[in-house]
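To start, the structure itself, in structure tokens.
The values are calculated or read from the model by the stated rules, or taken from the named source; none is laboratory data. This one's a predicted model, so the numbers in the text were calculated from it and none came from an experiment. In this analysis, Cβ positions are derived from the backbone assuming ideal geometry, glycine residues included, and neighbour counts consider all displayed protein chains.
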Amino acid sequence: MERSILHVDCNKFYACVECLHRPEIRHLPVVVGGDEDLRHGIVLTKNEIAAKYAIKTGEAIWQAKQKCPGLVVVKPNFPLYLRFSKLARDIYNDYTDQVEPFGLDECWLDVTGSGIFGSGMGIAQEIRQRVKFELGITVSIGVSYNKIFAKLGSDYKKPDAITQFTKQNFKSLVWPLPASDLLYVGRSTANKFRNCGINTIGDIARCTPEYLRLLLGKLGDMFYVFANGLDSEPVLRAGNTAVIKSIGNSSTASRDLANENDVKIMMYVLAESVGRRMREQGFRCKTVCITVRDNTLLWFTRQGKLPAYSANTKEITEKAMELFRKNYDWLRPIRSLGVTCTDFEHDQIPVQLDLFGNAEKREKAERLDTTVDRLKSRFGNYSVQRGLMLTDRGLSGFNPYNDNTIHPVGYFKPQ
């Protein structure tokens, strides 16, 4: 039996939910974006009215305001978006238990065994109507026999539309599309394709796997499979979440960082958030990674190993600062920093003691961190702070633990 896969994409999700809850701005051009005063001012999403002004996701809010002087800027409300995302998935779960999220606003559904509800196109029509009636937002849905083409179908027509790609029509409909429309063909990969005269998805499909592998390494095989409609990746069942591979936070500073003390303040804020999230998940990490972006937006990442698995904020920060000192020459001030921890083990795994008592010291430090976590949960993020953070409240006055931007999950799952 041929698979029937849907990809449901809630159109301009954040902006639509905001307009739904604020009737007074529904008729106005609206974008959801960060705080301009804290230099987090980029457009996360926009409504249909704002889209008519050629406002683009990811551009600076000041640029968007130049295009549309009457633009309404709303700060993101992620708890609200999470609630609507759950409500949408409750609708999807009425048709299949194979519902796999791809971020807050997108999901794959495998309805191959859901014939009692009708065909894939019939189920897509019903879901589209139910989401509009029950939640007040619109969706675009792609219907196909694999996840890649279903995703492509949901992007093909917007808003409030359904597109079907089949084994019979995909060469005439999918292959003429730009290569950049294919999942995971980013700007860099698209430039490589363009330099080699590969401009469409069909051009990718007509290349040999050997040529694509020579051009892109292992990714070449992946794109060959994607472009030719050969993907067979299954849709995960509801509740089967992927293994957490990393936990991280990054932030743009309220001003350019000019010295090592500025960097250390931000590193501690980020490491406290990352460490707290690890401790809540019951993890210790072995690898710490930093991301540094200067004020010309040039950036790099570096990673290093801890001497032992740890979830201690101080150890994470010290490793992050060690990586920073080794790899930054201060030719330019710094605009943003990120800290990520990976290479996890569970905190219930026994620890090998050493002669010098380092394991016992680490355990005491983590118990102190856990106590601080509880105080922050009860009395607020700023109820307990390190003395260093009080030296510059402008740099330390942000809360990455509560203000996380929610990113799409990855397509590939651990085997």
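Structural remarks
Yes/no per residue for (1) polar (S, T, N, Q); (2) outside the structural domain of Leu152 (by TED's automatic domain parsing); (3) not in a strand (DSSP E or B):
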| position | (1), (2), (3) |
| --- | --- |
| Asp221 | no, yes, yes |
| Arg284 | no, yes, no |
| Thr287 | yes, yes, no |
| Thr291 | yes, yes, no |
| Tyr309 | no, yes, no |
| Lys314 | no, yes, yes |
| Glu318 | no, yes, yes |
| Glu322 | no, yes, yes |
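- Of all residues making up the stretch 162-172, the number that are within 26 Å of Gln129 (Cα to Cα) and surrounded by fewer than 17 Cβ atoms within 10 Å (Cβ to Cβ): 2
- Qualifying position, being crowded, with 17+ Cβ neighbours inside 10 Å and on the phi > 0 side of the Ramachandran plot, among Gly229, Gly275, Gly220, Gly248: Gly229
- For the condition in the same structural domain as Ile123 (by TED's automatic domain parsing) and not aliphatic (A, V, I, L, M), Gly217 does not qualify.
- Here Leu80 meets each of (1) under 28 Å from Gln164 (Cα atoms); (2) in contact (Cβ under 8 Å) with a residue 60 or more places away in the chain with one exception, condition (1).
- Highlighted here are the strands (runs of 3 or more DSSP E) found entirely within the stretch 93-195 that include at least 2 residues which are acidic (Asp, Glu): 106-110.
- Residue within the stretch 257-272 that is part of a strand (DSSP E or B) and over 25 Å from the mean Cα position of the chain (by Cα) present: yes
- Qualifying residue in the stretch 110-124 (condition: farther than 22 Å from Pro234 by Cβ, surrounded by fewer than 19 Cβ atoms within 10 Å (Cβ to Cβ) and either of a type in the set (Phe, Trp, Tyr) or in contact with a Lys or Arg (Cβ under 6 Å, 6 or more places away or on another chain) (or both)): no
- Where Tyr81 falls short, out of the listed (1) closer than 21 Å to Lys46 by Cβ; (2) assigned to a loop (DSSP other than H, G, I, E, B): (2)
- Only one of the listed residues (Ile162, Ile141) is under 21 Å from the mean Cα position of the chain (by Cα), farther than 15 Å from Phe226 by Cα and among the β-branched types (Val, Ile, Thr). That residue is Ile141.
- Filter pass, Gly357 being on the phi > 0 side of the Ramachandran plot and modelled with pLDDT under 75: yes
- Filter result (farther than 17 Å from Leu177 by Cβ and charged (D, E, K, R)) within the stretch 118-166: Glu126, Arg128, Arg130, Lys132, Glu134, Asp160
- Scan of the stretch 127-140 for residues that are surrounded by 15 or more Cβ atoms within 10 Å (Cβ to Cβ) and either without any contact (Cβ under 8 Å) to a residue 24 or more places away in the chain or under 17 Å from Cys16 (Cα atoms) (or both), ordered by number: Arg128, Arg130, Val131, Leu135, Ile137, Thr138, Val139, Ser140
- Cβ-Cβ under 9 Å pairs, at least 6 apart or on other chains, the stretch 203-214 side over 20 Å from Leu177 (Cβ atoms), far side charged (D, E, K, R): Pro209/Asp221; Arg213/Asp221
- Residues of the stretch 195-230 that are over 25 Å from the mean Cα position of the chain (by Cα) and among the small types (Gly, Ala, Ser): Gly197, Gly202, Ala205, Gly229.
- So Val32, is it modelled with pLDDT under 95 and either surrounded by fewer than 17 Cβ atoms within 10 Å (Cβ to Cβ) or out of contact with any Ser or Thr (no Cβ under 7 Å at 6 or more places or on another chain) (or both): no
- Among (1) at pLDDT below 95; (2) surrounded by 15 or more Cβ atoms within 10 Å (Cβ to Cβ), the one test that Phe193 misses: (1)
- Some residue of the stretch 170-188 being touching a Phe, Trp or Tyr at 6+ places or on another chain (Cβ under 9 Å), more than 18 Å from Lys147 (Cα to Cα) and not assigned by TED's automatic domain parsing to the domain that holds Gly103: no
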